[in-house]
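Student: Below: one structure in structure tokens.
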Amino acid sequence: MTRTAVTRVLVIGGGIAGTATALGLHKAGFDVTVFESHPDSAEDIGAFLTLASNGMRALAQLDATDAVTAVGFPLTSLRLLDHQGTEAAHAPLGEAADPALRYRCLRRGELNAALQGETARRGIPLRHGARLESVTDGPDGVTARFADGTSATGDLLVGADGLNSTVRRLITPGVRPGYAGQRVYYGYTAAAPVAGPDGTITMVRGSEAAFGYAVSPAGEAYWFARVGGDPLPAGASGGPSAALRGQLLPLLRKDATPAADLVEAAGDGIMVTNATELPLGATWRSGRVLLIGDAAHAASPATGQGASMALEDAVVLAKALRDLPDPLGAFAAYERLRRPRAEHNITVSGGISRGTHAPSRPAPGTAAGPAGGAARPTAPDEDLIRQLAWDTALPVDPPAAD
């Protein structure tokens with residue numbers, strides 16, 4: 001059981017951060033309910049991502065490894081090509097020696113569905129179609145009110161509702177994501193016209209675009225391209241796949257790499273989004289309300305760490321509330337541990353997207369993800385390992401509530 005007096009936690013958002021948080025809090029002994037605005041689990045089914053070794057380590061602490069490794073495929077090495085298609089580097093990726101900690105390539109919707117399925121298996125309530133409208137934070141609890149006229153009251157509320165978080169808008173209305181200098185295209189090619197080494201993600205340093213791809217054991221290719229320039233207008237989708245393909249091919253054909261062939265052979269699932277980020281120093285908590293994941297610290301996707309950082313958040317938050325007697329003190333301890341790491345990722349990833357000089361220390365935990373730039377494997381972070389280890393107390397002194 002928990003050491004705090006808190007018994008009920010409301011989690012707003014049923015995506016990666018929200019479901020992982022629910023799994024962690026349930027494991028720590030809390031009564032937790034998840035509220036998701038989408039009517040089902042299939043949002044963003046076409047986009048893909050990679051979970052890095054640090055994210056897989058967090059999943060293991062949540063006892064959710066099997067649920068996630070049932071989908072997607074593992075990645076064990078990273079290959080770097082220059083604009084002429086010459087291999088400049090090829091190295092192990094993350095903690096490739098441990099099958100449970102290997103990078104994993106999968107669609108975002110598959111990961112959402114796997115984690116939501118795991119919450120259901122453990123009996124954690126997850127209510128779909130619950131669009132948050134307001135939050136009232138009082139001395140005895142916090143109440144969430146939804147667009148359908150229903151409401152829920154708990155001891156704490158966790159805003160895990162992503163980049164365009166409603167919870168963040170309610171507690172800090174002036175904080176919004178900004179453009180990080182690139183558009184990111186994602187695509188899928190059913191039968192890859194080029195072969196790649198098994199279990200390898202290949203990064204291409206193109207002359208006009210950064211490109212990356214991974215080929216599944218079935219011969220399918222998942223790829224991305226990062227292109228500088230003006231952002232997509234607000235609310236714009238970028239157009240049909242044929243138009244997006246037409247935007248990319250002239251850039252990619254300037255180089256002698258596999259990129260153009262992969263894009264040309266892609267079907268109708270091409271999509272584009274702006275690389276965005278939240279400002280450093282943004283507020284993460286107010287009273288009984290806390291933001292986690294992209295709602296708190298969204299970064300450009302250039303390091304490929306968004307999903308993995310959200311999984312880390314979930315474990316550290318659950319441990320903080322489990323181990324510290326005062327919930328507001330636990331929120332403060334969580335922020336103290338997580339903010340430096342999360343904001344370092346924002347800085348590094350934004351630097352890659354803008355083409356500016358990134359800090360010399362590598363992005364947290366890994367080399368690169370699906371939109372990744374920095375391309376070298378790093379040793380496991382011992383401080384992070386201690387923070388995530390479920391059977392050890394959180395390595396902080398209990399701070400005073402503020």
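The values are calculated or read from the model by the stated rules, or taken from the named source; none is laboratory data. All values derive from a computational prediction rather than experimental measurement. Here the Cβ positions follow ideal geometry from the backbone for every residue, glycine too, while neighbour counts run over all protein chains shown. Only protein heavy atoms, including side chains, enter the accessible area calculation; ligands, DNA and RNA are left aside. Shrake-Rupley method; radii C 1.70, N 1.55, O 1.52, S 1.80 Å.
Student: Report the residue count in segment 166-199 for those that are open to solvent by 40 Å² or more (accessible area, probe 1.4 Å), assigned to a loop (DSSP other than H, G, I, E, B) and either closer than 25 Å to ALA91 by Cβ or in contact with a Gly (Cβ under 8 Å, 6 or more places away or on another chain) (or both).
Tutor: Number satisfying all stated conditions: 5.
Student: Separate question: Name, by its number, the condition in (1) open to solvent by 10 Å² or more (accessible area, probe 1.4 Å); (2) touching a residue at least 40 places away in the same chain (Cβ under 8 Å) that does not hold for TYR103.
Tutor: (1)
Student: Right, something else. Could you please find all residues in segment 320-334 being among the charged types (D, E, K, R) and crowded, with 20+ Cβ neighbours inside 10 Å?
Tutor: Going through segment 320-334, the residues among the charged types (D, E, K, R) turn out to be 322-323, 326.
Hit for segment 320-334 is ARG322, nothing else.
Student: So which residues in segment 388-402 are under 24 Å from ASP63 (Cα atoms), at pLDDT below 95 and surrounded by 15 or more Cβ atoms within 10 Å (Cβ to Cβ), if there are any at all?
Tutor: LEU394, VAL396 - these are the residues of segment 388-402 that are under 24 Å from ASP63 (Cα atoms), at pLDDT below 95 and surrounded by 15 or more Cβ atoms within 10 Å (Cβ to Cβ).
Student: Select from segment 13-30 the residues that are small (Gly, Ala, Ser), in contact with a Gly (Cβ under 9 Å, 6 or more places away or on another chain) and not in a loop (DSSP other than H, G, I, E, B) and list them in ascending order.
Tutor: Step one: of segment 13-30, the residues small (Gly, Ala, Ser) are 13-15, 17-18, 20, 22, 24, 28-29.
Now drop any that are not in contact with a Gly (Cβ under 9 Å, 6 or more places away or on another chain), which leaves 13, 15, 17-18, 20, 22.
Hits for segment 13-30 are ALA17, GLY18, ALA20, ALA22.
Student: Could you figure out which of (1) of a type outside the set (A, V, I, L, M, F, W, C); (2) farther than 25 Å from ARG57 by Cα; (3) modelled with pLDDT under 95 isn't true of GLY109?
Tutor: Failing condition for GLY109: (2).
Student: Another question, if that's okay. Determine, yes or no, whether ASP294 is under 21 Å from LEU78 (Cα atoms), modelled with pLDDT of 95 or more, open to solvent by 40 Å² or more (accessible area, probe 1.4 Å) and not aromatic (Phe, Trp, Tyr).
Tutor: Values: under 21 Å from LEU78 (Cα atoms): no; modelled with pLDDT of 95 or more: yes; open to solvent by 40 Å² or more (accessible area, probe 1.4 Å): yes; not aromatic (Phe, Trp, Tyr): yes.
Spelling it out, it is not the case that ASP294 is under 21 Å from LEU78 (Cα atoms), modelled with pLDDT of 95 or more, open to solvent by 40 Å² or more (accessible area, probe 1.4 Å) and not aromatic (Phe, Trp, Tyr).
Student: Being open to solvent by 10 Å² or more (accessible area, probe 1.4 Å), of a type in the set (Ser, Thr, Tyr) and modelled with pLDDT of 95 or more is the filter here; which residues of segment 335-377 pass it?
Tutor: Hit for segment 335-377 is THR347, nothing else.
Student: Okay, next question. Restricting to segment 134-165, count the residues that are more than 20 Å from ARG8 (Cβ to Cβ) and open to solvent by 40 Å² or more (accessible area, probe 1.4 Å). Walk me through it before giving the result.
Tutor: Let us first name the residues in segment 134-165 that are more than 20 Å from ARG8 (Cβ to Cβ), namely 147-149, 162-165.
If we keep only those that are open to solvent by 40 Å² or more (accessible area, probe 1.4 Å) as well, we get 147-149, 163-164.
Count: 5.
Student: Just the residues that are over 17 Å from THR189 (Cα atoms) and surrounded by 17 or more Cβ atoms within 10 Å (Cβ to Cβ), please, taken from segment 248-262.
Tutor: Answer for segment 248-262, where residues must be over 17 Å from THR189 (Cα atoms) and surrounded by 17 or more Cβ atoms within 10 Å (Cβ to Cβ): LEU251, ASP255.
Student: Another question, then. What number of residues within segment 65-103 satisfy the criterion of being touching a Pro at 6+ places or on another chain (Cβ under 6 Å) and farther than 20 Å from ASN54 by Cα?
Tutor: 0
Student: Of all residues in segment 38-64, which are part of a loop (DSSP other than H, G, I, E, B), at pLDDT 95 or above and open to solvent by 40 Å² or more (accessible area, probe 1.4 Å)?
Tutor: The initial filter retains those residues of segment 38-64 that are part of a loop (DSSP other than H, G, I, E, B), namely 38-47, 52, 62-64.
From what is left, the residues that are at pLDDT 95 or above are 52, 62-64.
Answer for segment 38-64, where residues must be part of a loop (DSSP other than H, G, I, E, B), at pLDDT 95 or above and open to solvent by 40 Å² or more (accessible area, probe 1.4 Å): just ASP63.
Student: What single numbered condition from (1) open to solvent by 10 Å² or more (accessible area, probe 1.4 Å); (2) modelled with pLDDT of 95 or more fails to hold for SER308?
Tutor: The failed condition is (1).
Student: So, in segment 200-236, of the ones that are charged (D, E, K, R) and in a loop (DSSP other than H, G, I, E, B), which residue ends up surrounded by the most Cβ atoms within 10 Å (Cβ to Cβ)? So that I can check it myself, show each step before the final result.
Tutor: To start, the set of residues in segment 200-236 that are charged (D, E, K, R) comprises 205, 208, 220, 226, 230.
Keeping just the survivors that are in a loop (DSSP other than H, G, I, E, B) gives 208, 220, 230.
Values: GLU208: 16, GLU220: 14, ASP230: 9.
Selected residue: GLU208.
Student: Return only the number of the condition from (1) modelled with pLDDT of 95 or more; (2) in contact with a helix residue (DSSP H, G or I) (Cβ under 8 Å, 6 or more places away or on another chain) that ARG127 does not satisfy.
Tutor: All conditions are met except number (2).
Student: Can you report the number of residues in segment 112-139 which are over 17 Å from MET56 (Cα atoms), outside any loop (DSSP other than H, G, I, E, B) and hydrophobic (A, V, I, L, M, F, W, C)?
Tutor: Number of matching residues: 4.
Student: Tell me yes or no: at least one residue of segment 141-154 is in contact with a helix residue (DSSP H, G or I) (Cβ under 8 Å, 6 or more places away or on another chain) and touching a residue at least 24 places away in the same chain (Cβ under 8 Å). Lay out the reasoning, then the answer.
Tutor: Quick first cut of segment 141-154, residues in contact with a helix residue (DSSP H, G or I) (Cβ under 8 Å, 6 or more places away or on another chain) only: none.
Looking for residues that are in contact with a helix residue (DSSP H, G or I) (Cβ under 8 Å, 6 or more places away or on another chain) and touching a residue at least 24 places away in the same chain (Cβ under 8 Å), one finds none in segment 141-154, hence no.
Student: Tally time: how many residues in segment 140-158 are under 15 Å from THR7 (Cα atoms) and not in a strand (DSSP E or B)? Steps first, please.
Tutor: Narrowing segment 140-158 to residues under 15 Å from THR7 (Cα atoms): 140-143, 152-158.
Still in the list and also not in a strand (DSSP E or B): 140, 155.
The number of residues fulfilling the criteria is 2.
Student: Which numbered condition in (1) at pLDDT 95 or above; (2) open to solvent by 10 Å² or more (accessible area, probe 1.4 Å); (3) not acidic (Asp, Glu) is the only one that TRP284 fails?
Tutor: TRP284 satisfies every listed condition except (2).
Student: Tell me which residues, restricted to segment 263-277, are surrounded by fewer than 24 Cβ atoms within 10 Å (Cβ to Cβ) and either touching a Cys at 6+ places or on another chain (Cβ under 7 Å) or of a type in the set (A, V, I, L, M, F, W, C) (or both).
Tutor: Taking segment 263-277 first, the residues surrounded by fewer than 24 Cβ atoms within 10 Å (Cβ to Cβ) are 264-269, 271-274, 276.
Within segment 263-277, ALA265, ALA266, MET271, VAL272 qualify.
Student: Take the conditions modelled with pLDDT under 95 and in a loop (DSSP other than H, G, I, E, B) and apply them to ALA96. Does it pass? It would help to see each step written out before you state the result.
Tutor: Working: modelled with pLDDT under 95: yes; in a loop (DSSP other than H, G, I, E, B): yes.
Considered against the rule, which asks whether it is modelled with pLDDT under 95 and in a loop (DSSP other than H, G, I, E, B), ALA96 comes out as yes.
Student: Could you list, ordered by first residue, the pairs with Cβ atoms under 9 Å in which the first is in segment 269-298 and within 21 Å of GLY181 (Cβ to Cβ) and the second is in a strand (DSSP E or B) and among the polar types (S, T, N, Q), at least 6 apart or interchain?
Tutor: Between residues of segment 269-298 that are within 21 Å of GLY181 (Cβ to Cβ) and residues that are in a strand (DSSP E or B) and among the polar types (S, T, N, Q), the close pairs are ASN274/GLN182; ALA275/GLN182; ALA298/THR276.
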